[in-house]
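The values are calculated or read from the model by the stated rules, or taken from the named source; none is laboratory data. Please read all numbers here as calculations on a predicted model, not as lab measurements. In this analysis, Cβ positions are derived from the backbone assuming ideal geometry, glycine residues included, and neighbour counts consider all displayed protein chains. Side chains are part of the model used for accessible areas, which takes the heavy atoms of the whole protein and leaves out ligands, DNA and RNA. Shrake-Rupley method; radii C 1.70, N 1.55, O 1.52, S 1.80 Å.
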Amino acid sequence: MSQQYAWPKQAKLALSIVVNVEEGSEYSVKDGDLGMEPVDELQVHLRKPIRNYGNESNYQYGIKEGGPRIISLLDKYNIPVTWTAAAVCLERAPYLAEAIKRRGDETCSHGYRWIHQFRMNEAEEREFIQKAVTSIESTTGKRPLGWLSRYLLTPNTRRLLQEEGFLYHMDDYSADEPFWDDVEGSDKQMIIVPYALDSNDMKMWVAPSYTPEAWLKYAKDTFDTLYAEGAEQTRMMSLGLHLRIIGRPGRIWALEEFLRYVSRKTDVWFATRQQIAEYFYNQTAKSEAATKA
């Protein structure tokens, strides 16, 4: 059941902007994988162990061009964000780690690499999580306290995250506010800061007819509805971005228009997911809610 509480300064809405950093750690034969990365704007994917040089360059565009554009906009509007980063990406693009440190943003782990966990046994998944923590702490100076899988995860994931000292988990799409949820194999619950796929810019890759104009309208409509509901109940909005997608010159304007639109509101809490999780933890009956009956 939803627990009602007020956001800081009586804000009507907590707005969580998430910048996914996957570029440079995706599946690739050059990194020893058995095949090419299947997520491609042109949807070209062969089940052969060959390199897809074209799609590799699509991902590198995010590092070379998209990242700097997004950082510039975030600086212009002075908005804190959570960077859900695959650890290897920050190793290979250190300017991103430096920007995160300079801005005081949060890094949430998106895995050691941007690969699936569901094929891993428990020992492999534990090592995968530990390697991500060590790497991100090395590149950014702070260990991650949140986790977002590449969508598919295992029954062990939450328990392993809990054992490794994570504060919250993002692999959930069931609500518009944080909540406590069960952890399989553990007698304690974990904070879930749910994510959203519907407002994610990835839709512009997987649905070719989905234009920046359509994405912007959807993002604004989502914001307006949650902002209105926030007058009566606790509401949070997630907006997911990708360097290689929204960072394109024909799309970046839509992000700026969204940031301009929401920045005009005085009662919005622009927060990282860690800030949201910590605030939720302090506002709820954690001693009772975190322990199963």
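Please work out how much length the chain gains when fully extended from Ser263 to Asn121, using 0.36 nm per residue of separation minus the C-alpha to C-alpha distance, in nm with one decimal.
46.7 nm
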Worksheet entry | Given charges at beta-carbon only (K, R positive; D, E negative), |dipole| of segment 98-203 in Debye | 520
Fill in: With 5 Å bins from 0: P(r) over segment 86-153, alpha-carbon pairs, percent
4, 19, 30, 24, 13, 7, 3, 0
Worksheet entry | Label-point separation, Lys76 to Ser138 (7 Å along Cα→Cβ), nm | 3.6
Worksheet item: Taking all protein chains as present, what is the carbon and sulfur share of the accessible area of the chain, in % to the nearest whole number, probe 1.4 Å?
Response: 51
Worksheet item: Taking only C-alpha pairs under 8 Å that are 6+ residues apart, what is the relative contact order of the chain in percent?
Response: 27
Practice prompt. Would you mind checking Lys48/Lys131; Lys9/Lys265; Lys9/Lys142; Lys9/Lys188; Lys220/Lys265 for any pair whose Cα atoms are more than 20 angstrom apart?
Written response: Lys48/Lys131; Lys9/Lys142; Lys9/Lys188
Practice prompt. Measure off 7 Å from each Cα along the Cα-to-Cβ vector at Tyr5 and Lys48, then give the distance between these two points in nanometres to one decimal.
Written response: 5.6
Worksheet item: Hey, got the dipole for the chain? About the Cα centre, +1 on K and R Cβ, -1 on D and E Cβ, debye to the nearest 20?
Response: 720
Worksheet entry | Accessible area (Å², 1.4 Å probe, nearest 10) - Trp269 | 50
Discussion item. What would the Debye equation give as log₁₀ I(q)/I(0) for segment 16-73 at q = 0.14, 0.15, 0.19, 0.20 Å⁻¹, counting only Cα atoms as equal point scatterers?
Written reply: -0.42, -0.48, -0.70, -0.75
Practice prompt. For Lys76, go through the aspartates and glutamates and keep the ones whose alpha-carbon is under 12 Å away, minus same-chain ones fewer than eight residues off.
Written response: Glu256
Discussion item. Can you tell me how the chain classifies by the Cα gyration tensor, rounded, prolate or oblate, using a/c under 1.5 as the rounded cut?
Written reply: oblate
Fill in: Stretch gain in nm, segment Leu152-Asp187, where the contour uses 0.36 nm per residue and the Cα spacing is subtracted
10.3 nm
Item to complete: Before anything else, pin down the relative contact order of segment 1-150: Cα pairs under 8 Å, at least 6 apart, normalised by residue count, whole percent.
Response: 23
Worksheet item: What whole-number value in cubic angstrom gives the convex hull volume per residue for the C-alpha atoms of segment 162-293?
Response: 132
Worksheet item: What does the accessible area per residue of the chain come to in Å², with a 1.4 Å probe and no ligands, DNA or RNA counted?
Response: 44
Discussion item. If I take every Cα pair under 8 Å that is 6 or more residues apart in segment 110-188, average their sequence separation and divide by the length, what percent do I get for the relative contact order?
Written reply: 31
